[in-house]
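Contents: one structure, followed by commentary.
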Amino acid sequence: MTIADPVQIGASRAAAAARDARPLLELSRVSKRFPGVTALDQVDFELRHGEVHVLFGENGAGKSTLINIIAGTYPPDEGAFTYQGEAVVHLTPHAARLLGISPVFQEFSLVPDLTVEQNLFLGRELSRSGVLDRSRMRTRALDLIKLLGFDLDPNRKVRDLSRAHQQMVEIAKAFLADVRLLILDEPTASLTEAEAAKLFALIAKLKASGVGIIYVSHRMREIKQIADRITVLRDGRKIATVEAGDVSENALVEMMTGRKIEVLFPRIEPRPGAKLLEVENLTLANHTVTDVSFYARAGEITGVAGLVGCGKSELVRAVYGLELIAAGIIRVGGAAVTNPSPATLLKQGLCYFPSDRVAEGLALGRSVRENASMTALDLPAYSRRGVLQRASERRAIQSIVERLKLRPPQIERAVANLSGGNRQKVLLARGLTRDIRVYLFDEPTVGIDVGAKAEVYDLMKDVLATGAAIVLVSSELPEVLHLSHRLYVMHRSRMVAELTGSDINEQQVLSHFFREDAAGRAAPASSGGR
């Protein structure tokens, strides 16, 4: 594979390896156990040179554990690990990178206070005569970003980037190395279709050069688009390895879940009631939202769609008091909210579920119980006179996690030890610990599997039946199209459409995504903000 000089990926060596009949990677009867759970049980896995091998399974099936073993994060408890025909033991993340194994994990490993460029070269800085060669690092960073086609400014600090742009930085880090085996864990979860298409084009070039790619995704369309083979895991066991062209989507889902899921998006009948949330002429201090008005009714799902950077996430964050408001009015239940803050709005019956559950949503080192109950500790059912009622807290949280089908339903287990889908369920559990009237969901199904998505949608259906309102912000167009009873579309920080009934369709929404600017050019939403 030929890539610009600053981004050498070892094409000649990879191509030579592709002529070797041996697999690039072989795992035989690999097992891994954590306290109270067997994450992998006698799993076999093989990756060939120049193939995309998809790992498919529900959250908690063992996918993350398997790729962490391959990346050197965890040692296997049992089994054999062979890479390029040689046995591998005592692998570490650093040693894995030296072998050409480059992982891109779903949970980011970025330093917020460093710039994009500094994060790219962290731990592999370039120097000349003992002095950092900033000019060469800048050139390589710019060339790499251009190669990937990402809209990134090397000078911006990571903390100021949207999740989508942080995802781009994480992907770029992997391509800065000499890649022989690339691991991509939900790489398109926060990317637009155009950005994902550029990534897929680069994956095709890597395949042609003999690089092996392990790809973890729950998105059926992209799996069928890029996969050569698919290995399905369930409950830590390998169910099957199949050729991607020989298996249907329904068959994959049935193998993954052990059951049939007839309809991914349930039919949720609207029960429109009073306006529980009203926003009038809202403008943020940073102008990521400008003069926006919308409302959410009881018994309805109010969707908000738009391209990355359009301001949709900032909008719901502002409603919850997480962004600085320059002008506008927020009303809850008809009453204006002055100086909105999360504590104030929570007590008024609003609950916000952030898109980045690790950075903003969860205390990973704390237990499921503590994470789920932390927003309800002021209630008499959880504390009295400032003293925590542990017995009642445990009963309440145990009931909630069983309702949400947390796997395993162990409330004293640290959240850090859970899969992405189960972490999301812990986050959602907070909304069931107290009387919530308005649920603000920001990308609620990002990075979770089909089965977990269906369970999230069932939860939405249940809370609507209680008379609550839901505001659903999502970058997955099928999700907002199928679930929204009223759909707002944002473009360049402004609300540009309100759609209802038969007008909620793909053609209508996309026409607003790519509105014409004053010069008559197609104008996708700006990017680079939160």
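The values are calculated or read from the model by the stated rules, or taken from the named source; none is laboratory data. Computed from a predicted structure; not experimentally measured. Cβ coordinates were reconstructed from backbone atoms using ideal geometry, including for glycine residues, and neighbour counts include every protein chain displayed.
Structure notes:
- Out of 209, 162, 217, sole residue that is under 30 Å from residue 408 (Cα atoms), among the hydroxyl-bearing types (Ser, Thr, Tyr) and either crowded, with 18+ Cβ neighbours inside 10 Å or without any contact (Cβ under 8 Å) to a residue 60 or more places away in the chain (or both): 217
- Each residue in the range 488-503 was checked for being touching a residue at least 60 places away in the same chain (Cβ under 8 Å) and either surrounded by 18 or more Cβ atoms within 10 Å (Cβ to Cβ) or over 12 Å from residue 315 (Cβ atoms) (or both), and 8 of them qualify.
- The set of residues from the range 369-419 being among the hydrophobic types (A, V, I, L, M, F, W, C) and either assigned by TED's automatic domain parsing to the domain that holds residue 59 or in a loop (DSSP other than H, G, I, E, B) (or both) comprises 374, 376, 377, 379, 381, 404, 406, 411, 418.
- Unique match (being in contact with a Leu (Cβ under 6 Å, 6 or more places away or on another chain) and not aliphatic (A, V, I, L, M)) among 102, 190, 135: 102
- Counted residues, the range 325-357 - those being in a helix (DSSP H, G or I) and surrounded by fewer than 17 Cβ atoms within 10 Å (Cβ to Cβ): 4
- Top-ranked residue of the range 39-54 - restricted to ones that are farther than 13 Å from residue 239 by Cβ and not hydrophobic (A, V, I, L, M, F, W, C), ranked as nearest to the chain's Cα centre (by Cα): 53
- The one condition in (1) surrounded by fewer than 19 Cβ atoms within 10 Å (Cβ to Cβ); (2) in contact with a Leu (Cβ under 9 Å, 6 or more places away or on another chain) that residue 475 fails to fulfil: (1)
- Within the range 276-300, the set of residues being closer than 11 Å to residue 325 by Cβ, in a loop (DSSP other than H, G, I, E, B) and over 26 Å from the mean Cα position of the chain (by Cα) comprises just one member, 285.
- Residue in the range 278-288 that is touching a residue at least 60 places away in the same chain (Cβ under 8 Å) and closer than 23 Å to residue 486 by Cβ present: yes
- Scope the range 252-275; condition of a type in the set (D, E, K, R), farther than 30 Å from residue 324 by Cα and in contact (Cβ under 8 Å) with a residue 12 or more places away in the chain; matching residues: 271
- Test: residue 149 is under 22 Å from residue 226 (Cα atoms) and either touching a residue at least 60 places away in the same chain (Cβ under 8 Å) or surrounded by fewer than 21 Cβ atoms within 10 Å (Cβ to Cβ) (or both): yes
- Restricting attention to the range 8-58, the residues that are aliphatic (A, V, I, L, M), modelled with pLDDT of 95 or more and either assigned to a strand (DSSP E or B) or assigned by TED's automatic domain parsing to the domain that holds residue 412 (or both) add up to 9.
- The set of residues in the range 204-222 that are in a helix (DSSP H, G or I) and out of contact with any Leu (no Cβ under 8 Å at 6 or more places or on another chain) comprises 204, 205, 207, 208, 221, 222.
- Residue match in the range 334-348 (condition: in contact with a strand residue (DSSP E or B) (Cβ under 6 Å, 6 or more places away or on another chain) and more than 19 Å from residue 437 (Cβ to Cβ)): no
- Residue satisfying all of: in the range 312-324; in contact with a Leu (Cβ under 8 Å, 6 or more places away or on another chain) and in a loop (DSSP other than H, G, I, E, B); nearest to residue 439 (Cα to Cα) among these: 320
- Residue satisfying all of: in the range 365-399; among the β-branched types (Val, Ile, Thr) and touching a helix residue (DSSP H, G or I) at 6+ places or on another chain (Cβ under 8 Å); surrounded by the fewest Cβ atoms within 10 Å (Cβ to Cβ) among these: 375
- In the set 241, 290, 302, 283, only one residue is farther than 29 Å from residue 470 by Cα, at pLDDT 95 or above and not small (Gly, Ala, Ser); that residue is 241.
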